[in-house]
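So the structure is just underneath, and the comments pick up after that.
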Amino acid sequence: MLPEVIPMQEPEPATSERKLLSSGRYVNFGPFRIDQQRQEVTRDGARLKLQGKVYQVLLTLLEKPGEVVTREELRIRLWPADTHVNYDANVNTTVNKLRQALGDSSGRPLYIETIPRKGYCLLVRPEVSDKSPFSLFAKSEPSADSSQASPQSSRGSAFSKSDFWIVLGVIGLILAGMLLGAGITRLWIYQGATMAPFPLAIIFSRPSAAAFF
C-alpha cells in the first residue's frame, strides 16, 4: 500500500510569531498606535490612510521586531499563490508606501531597515496592550458628582462672600445712620440751648399786664 501523497504547500508564517500582536488590541511604537480591531493606524491621534497591503506589511514587520522578514514572507502574506504579478516590484512599492506613511526613509531608516538580498527588519519593538487611550482620559476626568459638587461649592463660597459684603454694608449704613442721628440730636440740643434765653428775655422785658390795672 502506497503512502498518501500530501501536496506541497507554500510555507506560512509560524503562529508563534503572531502571538505578540494577538495578546492585545492596541499596538504602540514610537508616535504610532494601531487598533487591530478597527485596522486603523494613528500618529499622535491623527489617522493615517494605509491601503490594505501596506497595512499587512506593517503587521508582518510588527510580528517579528528585530528579525528579518524575507521578501518571500511578504509575498505569501500579500498575494495568493495563484496571483501572477511582479512580486519584487510590488513588494518594493508597498514597502516604500509604508515608509512614506511613517515618515521613514531607506537612506536613514528609523523604523524599517532594508536587509540587502534578504528582506526588511523592524528597528523598534512594539508594545501591545488592551487599554484604550480614552480610558486614560476617563480616569483623569472628574466624575459627574464631583463636577456637580464643585460648582455648588463655588456657588456657596460666592454666596457667602456676597452675604458678608451685604451684612457689612448694612452695618455701615446703621452706623452712619446712628452717627447722623447723634449729630442731628446734638445740633438740635445746641440750637435749643442758644434760643431758649431770647423768648424768656422777651417775656420778662414786656410790661406785665397787671401793671395796667
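Of the helices (runs of 4 or more DSSP H) lying entirely inside the stretch 35-116, those carrying at least 1 residues that are touching a Gly at 6+ places or on another chain (Cβ under 7 Å) are 71-78. Once the stretch 161-213 is narrowed to residues that are charged (D, E, K, R) and within 60 Å of the chain's Cα centre (by Cα), the residue that is modelled with the highest pLDDT is Asp163. Within the stretch 117-124, does at least one residue satisfy the condition of being modelled with pLDDT of 65 or more, exposed (fewer than 10 other Cβ atoms within 10 Å of the Cβ), of a type outside the set (Val, Ile, Thr) and over 30 Å from Ser23 (Cα atoms)? For the stretch 117-124, residues modelled with pLDDT of 65 or more, exposed (fewer than 10 other Cβ atoms within 10 Å of the Cβ), of a type outside the set (Val, Ile, Thr) and over 30 Å from Ser23 (Cα atoms): present.
The values are calculated or read from the model by the stated rules, or taken from the named source; none is laboratory data. Keep in mind that what you see is a predicted model, and the values were worked out from it rather than measured. A quick note on method: Cβ atoms are made from the backbone with ideal geometry, for glycine too, and the neighbour counts reach across all protein chains shown.
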